[in-house]
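S.K.: Take this structure, written in structure tokens, and hold onto it; I'll ask about it next.
The values are calculated or read from the model by the stated rules, or taken from the named source; none is laboratory data. Bear in mind that the values here come from a model prediction, so they are computed numbers and not experimental data. Cβ placement follows ideal geometry from the backbone for every residue including glycine, while neighbour counts extend to all protein chains displayed. Calculation scope for accessible area: heavy atoms of the full protein, side chains included, ligands and nucleic acids excluded. Shrake-Rupley method; radii C 1.70, N 1.55, O 1.52, S 1.80 Å.
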Amino acid sequence: MSESTTARPALVTRAGISNDRIIGDLLRPIVETGAAFWTAIGVCSLFMAWAMFCWGYQIYYGIGVTGYNRTSMWGLYEVNFVFWVGISHAGTLISAILRVTDASWRRPITRAAECITVFALMIGPMFVLIHLGRVWDFYWVVPYPNSRGLWPNFRSPLLWDFTCINSYLLGSITYLYLPMIPDLAAIRDAAENRLGPVRRKLYRILSLGWQGTSRQWSLLERSITIMAAIIMPLAVSVHTVVSWIFAMTLQPMWNSTIFGPYFVVGAIFSGIAAVLAALYVIRWVLHLEAYIEPVHFDNLGLLLLVFSLLWGYFTFSEYLTPWYAHQTAEMAVMHHRMFGYYAPFFWTMLACCLPIPLALLVGRRTPAKTCMASLSVLVGMWIERFLIVAGTLTRPRLTFNWHAYHPSWVEVSITVGAFAYFIFLYLVFIKFFPIVAIWEYKVDRGLAAQENVS
Amino acid sequence: MNDSKLIGVFNTGEAARAAMLRLSGADCEIFSSEPLHSPAVKNHLLKAAIWGGLIGGASGGALTVFVFTTMGLKTGHMAMITLSPAGIIVFGLAALASIAGVLFELLREAGLFGGTLDLPHSVRKEVTHGAVVVLVRSATAETRQILESQGARFVL
């Protein structure tokens with residue numbers, strides 16, 4: 001076989017953008033590491049180390065070091081669990097909905113969103129383990145014939161949660177990985193001589209036998225579509241089941257028939273906010289202005305606006321019905337939340353989730369404005385979860401049990417550590433994988449160019 | 001590399017597809033860094049999803065029925081096998097097994113299991129940087145001529 005190669009010209013995509021530029025821009029964070037990256041990793045590690053110390057302290061001295069007590073048997077850990085599982089609806093669900101509805105603008109942002117799902121699902125359920133106290137006995141919830149000859153109770157919503165969350169986590173990891181295979185092959189082939197031996201091997205293994213044949217492309221696109229269709233009901237089930245942990249009790253303001261959809265709406269709402277905030281930071285830090293464009297913030301901002309109104313409607317319904325029924329126990333909780341001890345939290349939550357996002361998102365939705373709105377929503381939604389958990393448990397049906405719940409420094413430290421852990425995971429992901437899907441970006445630009453021509 | 005193989009490296013998908021048309025009948029394959037929207041290939045992905053779902057669902061159902069009947073819980077007026085909790089476990093496992101089915105079938109049908117690569121590294125690098133490659137497995141004397149006449153930048 002003869003060989004007659006020529007120098008490679010600068011090839012352009014169907015949209016006329018230089019392939020070299022796309023590869024260079026999107027692989028830069030993987031092959032180059034700046035001081036800012038190590039600083040951020042160092043700061044996150046400090047917070048994580050402190051949180052680990054606090055967890056160890058709690059294991060050594062017992063759950064009494066938290067602010068939990070006889071009636072407030074759930075607190076900050078459950079707030080964080082619900083919050084993070086809600087955030088997990090960011091990626092996979094939003095990406096799946098946009099994929100199934102063929103919203104082509106989604107392509108450059110799906111990966112940034114999908115990895116939020118995986119990381120949030122790694123963090124959220126961790127709080128259940130932290131709350132367990134004896135974390136080493138966690139495996140008792142796994143349904144297998146253990147040494148005690150006992151099986152876990154499938155009637156318990158906690159076990160439903162275990163099943164749904166694990167299915168969703170494994171499904172989300174697969175859904176994140178599949179569209180990444182062509183990009184991993186791109187790193188394997190384009191940046192091989194700029195990587196160390198371990199990373200070279202990693203990309204070779206992860207990219208499997210991907211070569212980009214038309215058959216492989218066709219099968220990949222088809223399987224992603226099928227997976228998107230499977231994962232949507234799974235995502236909805238996860239937060240519905242999380243809500244049932246509360247709704248299937250007889251606690252005032254928890255035993256509600258609309259808790260399932262209310263939680264799902266809240267989850268998607270906070271999920272979109274998390275995606276927007278993450279996109280803003282990624283765009284700014286990695287200089288990806290050409291890839292994550294104002295149109296993405298505009299469209300996601302519009303989605304956030306719609307969910308803000310939906311959340312407002314559900315919150316209104318959630319409070320109106322008990323108020324009309326005027327049952328003593330429910331009115332005590334409602335009064336406690338709206339005008340009592342937790343009133344500042346309640347009104348902050350309402351302001352953060354309704355008027356502030358509305359004011360920022362109606363009209364021109366710039367990246368900065370959508371980022372501010374999403375930060376406001378994230379704060380508001382965290383407070384909402386806090387009010388649901390603490391607001392009810394501090395006002396149980398028997399009035400002699402009424403008290404206040406004050407999270408301890410251990411709980412606060414672990415909460416902060418979880419946020420640091422999320423940022424840490426995100427940074428590590430960016431270091432190893434392209435945060436903007438290279439091939440999907442090319443397809444998106446190609447389609448846009450085609451539309452312009454036609 | 002087998003001597004009857006020829007690799008044509010093109011700058012555009014259109015040129016590569018034109019070459020593929022000229023080579024119709026030959027055992028050839030096209031490689032690109034983005035989907036070229038060729039006609040969809042016949043596959044069993046949906047079947048794998050459905051079968052995976054059925055197997056996962058049946059396993060979930062069997063697990064819950066087995067557990068409910070062996071636990072010996074005092075259930076009061078409730079049925080021993082309660083449908084709604086069983087349904088959630090069945091649903092979760094069905095979805096998971098369905099996803100696993102699609103993943104397995106994709107890896108199998110797309111030939112991703114073995115990790116065998118047909119193209120040398122230099123050509124794969126060209127593909128990553130936007131070139132579109134046509135691999136002819138059973139090249140004849142005139143294959144090179146066809147590839148070059150259709151605008152191949154180089155032929156290996």
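S.K.: Of all residues in the range A:366-387, how many are open to solvent by 20 Å² or more (accessible area, probe 1.4 Å) and closer than 30 Å to A:Gln251 by Cβ?
M.R.: 3
S.K.: Moving on to the next point. Is it true that some residue in the range A:128-146 is closer than 26 Å to A:Ser374 by Cβ, away from chain B (no Cβ under 14 Å) and either more than 17 Å from the chain's Cα centre (by Cα) or assigned to a loop (DSSP other than H, G, I, E, B) (or both)? Steps first, answer last, please.
M.R.: Going through the range A:128-146, the residues closer than 26 Å to A:Ser374 by Cβ turn out to be none.
There is no residue in the range A:128-146 that is closer than 26 Å to A:Ser374 by Cβ, away from chain B (no Cβ under 14 Å) and either more than 17 Å from the chain's Cα centre (by Cα) or assigned to a loop (DSSP other than H, G, I, E, B) (or both).
S.K.: Can you spot a residue in the range A:314-322 that is under 24 Å from A:Arg395 (Cα atoms) and touching a Cys at 6+ places or on another chain (Cβ under 9 Å)?
M.R.: yes
S.K.: Looking only at helices (runs of 4 or more DSSP H) that lie completely in the range A:173-255, which have at least 3 residues being in contact (Cβ under 8 Å) with a residue 40 or more places away in the chain, crowded, with 22+ Cβ neighbours inside 10 Å and within 9 Å of chain B (Cβ to nearest Cβ)?
M.R.: A:181-190, A:214-247
Yes or no, residue by residue, for (1) surrounded by 17 or more Cβ atoms within 10 Å (Cβ to Cβ); (2) without any contact (Cβ under 8 Å) to a residue 24 or more places away in the chain; (3) over 25 Å from B:Leu107 (Cβ atoms); (4) not assigned by TED's automatic domain parsing to the domain that holds B:Ile89:
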{"position": "B:Asn11", "(1), (2), (3), (4)": "yes, no, yes, yes"}
{"position": "B:Ala16", "(1), (2), (3), (4)": "yes, no, yes, yes"}
{"position": "B:Leu21", "(1), (2), (3), (4)": "no, yes, yes, yes"}
{"position": "B:Ser24", "(1), (2), (3), (4)": "no, yes, yes, yes"}
{"position": "B:Gly52", "(1), (2), (3), (4)": "yes, no, no, no"}
{"position": "B:Gly56", "(1), (2), (3), (4)": "yes, no, no, no"}
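S.K.: A follow-up question, please. With A:Leu132, A:Leu121 as the choices, which residue is under 22 Å from A:Cys164 (Cβ atoms) and open to solvent by less than 10 Å² (accessible area, probe 1.4 Å)?
M.R.: Of A:Leu132, A:Leu121, the one residue that is under 22 Å from A:Cys164 (Cβ atoms) and open to solvent by less than 10 Å² (accessible area, probe 1.4 Å) is A:Leu121.
S.K.: Surrounded by fewer than 23 Cβ atoms within 10 Å (Cβ to Cβ), under 20 Å from A:Ile109 (Cα atoms), in contact with a Ser or Thr (Cβ under 8 Å, 6 or more places away or on another chain) and at pLDDT below 95, is that true of A:Arg445?
M.R.: Considered against the rule, which asks whether it is surrounded by fewer than 23 Cβ atoms within 10 Å (Cβ to Cβ), under 20 Å from A:Ile109 (Cα atoms), in contact with a Ser or Thr (Cβ under 8 Å, 6 or more places away or on another chain) and at pLDDT below 95, A:Arg445 comes out as yes.
S.K.: If you scan the range B:82-113, which residues turn out to be more than 24 Å from A:Ser172 (Cα to Cα) and within 7 Å of chain A (Cβ to nearest Cβ)?
M.R.: B:Thr82 - this is the single residue of the range B:82-113 that is more than 24 Å from A:Ser172 (Cα to Cα) and within 7 Å of chain A (Cβ to nearest Cβ).
S.K.: Would you confirm, using the coordinates I've provided, whether B:Phe68 is facing chain A (nearest Cβ under 8 Å), closer than 27 Å to A:Ile22 by Cβ and either modelled with pLDDT of 85 or more or over 26 Å from the mean Cα position of the chain (by Cα) (or both)?
M.R.: no
S.K.: Among the residues of the range B:26-44, which ones are at the interface with another protein chain (Cβ under 9 Å from one of its Cβ atoms) and surrounded by 15 or more Cβ atoms within 10 Å (Cβ to Cβ)?
M.R.: B:Glu29, B:Ile30, B:Phe31, B:Ser32, B:Ser33, B:Glu34, B:Pro35, B:Leu36, B:Ser38, B:Val41, B:Asn43
S.K.: OK, next. Here is a list: B:Val136, B:Val155, B:Val127. Which entry is closer than 23 Å to A:Asp20 by Cα, at pLDDT 80 or above and not polar (S, T, N, Q)?
M.R.: B:Val127
S.K.: Now for a separate question. Would you confirm whether any residue within the range B:111-121 is at positive phi and either under 28 Å from the mean Cα position of the chain (by Cα) or not in a helix (DSSP H, G or I) (or both)? Before you say what the answer is, go through the steps one by one.
M.R.: The initial filter retains those residues of the range B:111-121 that are at positive phi, namely B:111, B:115.
From the residues that got through so far, the ones that are either under 28 Å from the mean Cα position of the chain (by Cα) or not in a helix (DSSP H, G or I) (or both) too are B:111, B:115.
Yes, the range B:111-121 contains a residue that is at positive phi and either under 28 Å from the mean Cα position of the chain (by Cα) or not in a helix (DSSP H, G or I) (or both).
S.K.: Looking at A:Thr249, A:Thr315, A:Thr348, can you tell me which residue is over 26 Å from A:Glu440 (Cα atoms), of a type outside the set (Lys, Arg) and modelled with pLDDT under 90? Steps first, please.
M.R.: Numbers: A:Thr315 fails: modelled with pLDDT under 90; A:Thr348 fails: modelled with pLDDT under 90.
None of the others qualify; the one that does is A:Thr249.
S.K.: Another question about this same structure. Are any residues in the range B:122-156 of a type outside the set (Lys, Arg), at the interface with chain A (Cβ under 7 Å from one of its Cβ atoms) and assigned to a helix (DSSP H, G or I), and if so, which ones?
M.R.: Passing the criteria: B:Glu126, B:Val127, B:Thr128.
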